[in-house]
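Computed from the coordinates by the stated procedures, all read-outs in this text should not be read as laboratory data. Since the model is a prediction, treat every value here as computed from it, not as a measurement. Backbone-built Cβ (ideal geometry, glycine too); neighbour counts: all protein chains shown.
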Amino acid sequence: MANHISIRHKLNNFNKKIKVSADKSISIRAVLLASQAVGISKISNLLESEDVLNSLKTIRKLGINYTKHRNVYNIHGFGLNGFNIKKNTVLNAGNSGTLARLILGLLVKSKSQVKLIGDKSLSKRDFYRVIKPLRLFGVNIDSKNNNLPIKILGTDFLRPISYKENIGSAQVKTCIILSALNTPGITQIYSKSSRNHTELMLKSLGYPIKIEKKSGYEKIFIQGLRQFNCFEYKVPGDISSASFFIVLTLLSKNSEMIIENVNINRSRIGIIYILNKMGAKIILKNKKKYNGEEISDIHIKSIKNLRAINCPSRLNSSAIDEFLIIFLVAAKAKGISKFRDLGEMNKKESKRLDLAVKFLKLIGVKVERFKNNLNIHGNPDLLLSNSYEMKNFLKDHRIFFLCCITALTLGGNWKINDKDSINTSFPEFLKILKKLGAKLN
């Protein structure tokens with residue numbers, strides 16, 4: 001079958017209630033923490049995307065078995081450092097930077113050397129950001145140019161560290177936290193604020209982790225070598241997946257949508273703050289707390305008069321995966337939208353900042369770029385009628401989603417390649433579009 005889709009028609013108005021796929025960040029963390037718990041953890045509504053399935057394959061290769069019954073994964077953990085690692089073990093993280101960086105934190109006591117590999121895209125991404133703190137713990141790591149493949153050999157002589165994390169990377173922070181679980185003493189992290197699912201999950205398990213917040217930073221203290229029991233967890237919907245349907249609704253005519261049961265962790269909902277500043281009226285209803293996370297239904301209506309934004313850079317980390325689709329809204333807003341300090345976008349599955357500029361120019365939007373800063377000149381009357389083809393975007397799932405939403409709201413005759421990229425994070429994406437009435441060929 002062809003690995004592309006064609007879209008030739010905008011989506012008609014709709015009034016729908018949907019559910020999006022489960023949260024990818026939480027799904028991966030739930031799998032990895034279950035592998036370190038004592039007993040059988042039960043995880044329901046786990047996202048069955050390539051990244052999460054690779055996480056399951058990874059723990060199985062490390063000696064942790066799991067079974068699936070209906071919608072529940074039963075993961076059989078043996079406690080901290082409970083892996084049974086065979087000689088010459090090779091782990092393949094596929095396209096998942098989260099899995100690759102986090103699993104290294106759980107291999108700090110491995111008796112045998114483990115080789116970590118990934119696909120072409122992941123192999124180009126920077127791993128020095130986790131190699132550096134892991135070496136401080138005393139772990140032996142071998143990597144050429146700080147990329148995959150990486151060879152890691154653990155040690156029985158781990159030492160707690162004090163580390164300052166200035167990037168705002170939840171992957172780096174979590175890798176250190178997971179390393180600290182197997183390390184005697186108290187590890188301290190002074191971290192720029194970023195998504196905090198790992199901390200919340202450990203707190204819900206009663207693990208001794210303490211967090212102090214100070215003006216955009218967090219000071220985290222983790223006591224090592226404390227076993228924790230198996231747990232049950234129902235994974236909520238993913239705000240990153242929901243974001244594409246939020247924008248689809250905003251930019252469509254006379255449309256409304258409710259997205260049910262979405263994780264609205266404050267470290268993840270920068271897109272809602274940003275779009276509401278641009279004139280959207282996104283409302284969160286039926287809020288509830290679950291294992292430290294906040295979950296809500298998201299109510300959206302289409303809107304005609306969107307305005308430009310001078311986006312505060314303090315919102316960057318909480319919207320880093322959503323800026324691609326935010327840029328599309330800026331392209332339709334009145335005025336010049338300004339975004340700053342977005343270099344981290346180029347550290348993702350593809351060089352997203354570079355591709356965003358290329359994409360906006362492709363659809364006729366004026367963009368000014370100054371290193372990692374963008375000025376986007378919006379046009380409220382922007383409509384497309386030409387033919388467009390999107391290719392050579394390193395199979396980045398979020399670029400694919402962006403193209404689909406653009407075609408369905410702005411028009412044009414589109415050919416969008418690498419349809420299979422949706423399996424990375426949101427396998428149900430196209431099915432939901434069809435339920436809304438989208439004509440996809």
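The table below gives the values:
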| item | result |
| --- | --- |
| Kirkwood estimate for the chain, i.e. one over the average of 1/r between Cα atoms, Å | 22.4 Å |
| Stokes-Einstein D for segment 258-304, Kirkwood Rh over Cα pairs, 10 °C, 1.306 mPa s (µm²/s) | 142 µm²/s |
| Segment 321-392 pair-distance distribution - Cα-Cα, 10 Å bins, rounded % | 19, 54, 25, 1 |
| HN-Hα J in Hz across segment 175-185 - Karplus 6.51, -1.76, 1.60, θ = phi - 60°, x for Gly and Pro | 4, 5, 4, 5, 4, 5, 4, 9, 10, x, x |
| Segment 251-349: projected area of the alpha-carbon convex hull, averaged over directions, in nm² | 7.0 nm² |
| The chain: angle of helix 50-61 to the longest principal axis, Cα-based, in degrees nearest 10 | 10 degrees |
| Theoretical ellipticity at 222 nm over the chain - DSSP helices of four or more residues, -39500 (n - 2.57) apiece, nearest 500 | -8500 deg cm²/dmol |
| Alpha-carbon Debye profile of segment 358-414, log10 I(q)/I(0) at 0.14, 0.17, 0.26 Å⁻¹ | -0.42, -0.62, -1.21 |
| The chain - percent relative contact order, Cα under 8 Å, separation 6 or more | 19 percent |
| Rough spin-label spacing in nm, given labels placed 7 Å along Cα→Cβ, for Lys164 and Ser204 | 3.3 nm |
| Spatial separation of Cα centroids for segment 151-210 and segment 231-275, in angstrom | 28 Å |
| At 1.002 mPa s and 20 °C, Stokes diffusion of segment 131-220 via Kirkwood alpha-carbon radius, µm² per second | 155 µm²/s |
| Calculated from backbone phi, Karplus (6.51, -1.76, 1.60) coupling profile of segment 253-264 in Hz, x at Gly/Pro | 8, 6, 10, 9, 8, 10, 10, 8, 6, 9, 5, 10 |
| In nm, spacing of pseudo-spin labels at Glu256 and Asn386 (7 Å Cα→C-beta vector) | 3.8 nm |
| Over segment 303-441: Kirkwood hydrodynamic radius from C-alpha pairwise inverse distances, Å | 15.5 Å |
| For segment 328-348 and segment 100-145, distance of Cα centres in Å | 32 Å |
| Where the Cα pairs of segment 6-102 fall when distances are cut into 10 Å bins, in % | 15, 41, 24, 11, 7, 2 |
| Per-selection Rg to Rh, segment 24-224 - Cα, Kirkwood hydrodynamic radius | 0.93 |
| Local electrostatic count at Val367 - Lys and Arg +1, Asp and Glu -1, tallied over other residues with Cβ under 10 Å | +3 |
| Inter-centroid distance (Cα atoms) of segment 383-441 relative to segment 14-84, Å | 28 Å |
| Sum of side-chain charges, Glu389 neighbourhood, beta-carbon under 14 Å (Lys, Arg +1; Asp, Glu -1) | +4 |
| Folded to 0 to 90 degrees: helix 128-137 orientation relative to the chain principal axis, Cα | 20 degrees |
| Base-10 log of normalised Debye intensity for segment 157-300 (one unit scatterer per alpha-carbon) at q = 0.14, 0.16, 0.18 Å⁻¹ | -0.75, -0.90, -1.04 |
